[in-house]
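Presented below is the structure to which this report refers.
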Amino acid sequence: MNIRGALAIYRNELMRAFRTIFGSILSPVITTSLYLIVFGAAMSGRMPGLGGAEYGAFIVPGLLMLTLLSESTSNASFGIYMPKFTGAIYELLSAPVGVAETLVGFVGAAATKSLILAVIIMGTAALIVDYSIAHPILAFGYIILVSAAFSLFGFIIGLWADGFEKLQIVPLLILMPLTFLGGTFYPISVLPEPWQTLAMLNPIVYLVSGLRWTFLGTADFPIAVSFGFTIGFLVLCVGIIAVIFRTGWRLRE
């Protein structure tokens, strides 16, 4: 493996985030803080089925997952799309770096940005609401797993997109609504039928439930289901990327 090549891509992508620090880091943190303040104040004491947790503490994992999914996907998709847009992708393809180095560089940088955001958001949330993490090691591992999986997913979107509009279709029109409907602000158990059954068809429900379990110790679904789903999605994304690089689809057009 070309470690130097992978680190060069990684550093370049990571520095891009710090060059646009307001849009990449500060804006998501401010948005999440506003969600905590507004929803925490408006809904506190009015939501049943929280297992004894305060509403502000209950929505912290959901809001954290909302940021992780959107930022991981957007950062990775934009990172690989720009070389395609400018034509620099051909230099990358002719350089002595393979699929592994490319993924370590682009996906690793996108996942790192998401982890930085997660740490900042949890620190900011601690100033607004009183919450604790029941399983900190599992929470950290699960955050890394989700960041990596959706950075890979964003990488696929960046390869698929042939215009800036397509970069936003999946994150804004599919991923964001599914996250809001995935139990970010409420437990699935309080939904009446048939909405509770329909909610279980939403894959984001299991991701939010998994992170909420690591924070609160209780969730709508077993943690093994959430971990299994996330690992399966990560493996699927790696397989798709391997096929794309093997066939050159969207890379050599």
Self-check item: Cα-projected label distance for L251 with T197, points at 7 Å along beta-carbon direction, nm
Solution: 4.5
Practice problem: Note the per residue figure in Å³ for the convex hull of the C-alpha positions in segment 128-250. | Solution: 126
Quiz item: Which is the longest run of the chain containing none of the trypsin sites (Lys or Arg not before Pro) found in DSSP loop states (not H, G, I, E, B) with at most 14 other C-beta atoms within 10 Å?
Solution: 47-251
Exercise. Sort D220, D130, D162 so that the residue with the fewest other Cβ atoms within 10 Å of its own Cβ comes first and the one with the most comes last.
Key: D130, D162, D220
Exercise. Quote to one decimal, in nm, the extra length available between I144 and F164 on full extension: 0.36 nm per residue of separation minus the C-alpha distance between them.
Key: 4.5 nm
Self-check item: Computed [θ] at 222 nm, deg cm²/dmol, the chain (DSSP H ≥ 4; -39,500 (n - 2.57); rounded to nearest 500)
Solution: -24000 deg cm²/dmol
Self-check item: Length-normalised contact order of the chain in % [C-alpha pairs under 8 Å, at least 6 apart]
Solution: 27
Practice problem: Return I156, I133 ranked ascending by Cβ neighbour count within 10 Å, so the fewest neighbours appear first. | Solution: I133, I156
Exercise. Work out how much length F180 to A88 would gain on full extension: take 0.36 nm times their residue separation and subtract the Cα-Cα distance, in nm to one decimal.
Key: 29.5 nm
Quiz item: Please state the relative contact order of segment 151-253 as a whole percent: Cα pairs under 8 Å, 6+ residues apart?
Solution: 26
Quiz item: What nm value, rounded to one decimal, do you get for the distance between A95 and V190 when each label is placed 7 Å out toward the C-beta?
Solution: 4.9
Quiz prompt | Most to least packed among 92-99, 144-151 [average Cβ atoms within 10 Å] | solution = 144-151, 92-99
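Read-outs: derived from the displayed coordinates by stated rules, not from any lab. Please read these numbers as outputs of a predicted model, since none were measured by experiment. We place every Cβ from the backbone using ideal geometry, glycine too, and count neighbours over all the protein chains shown.
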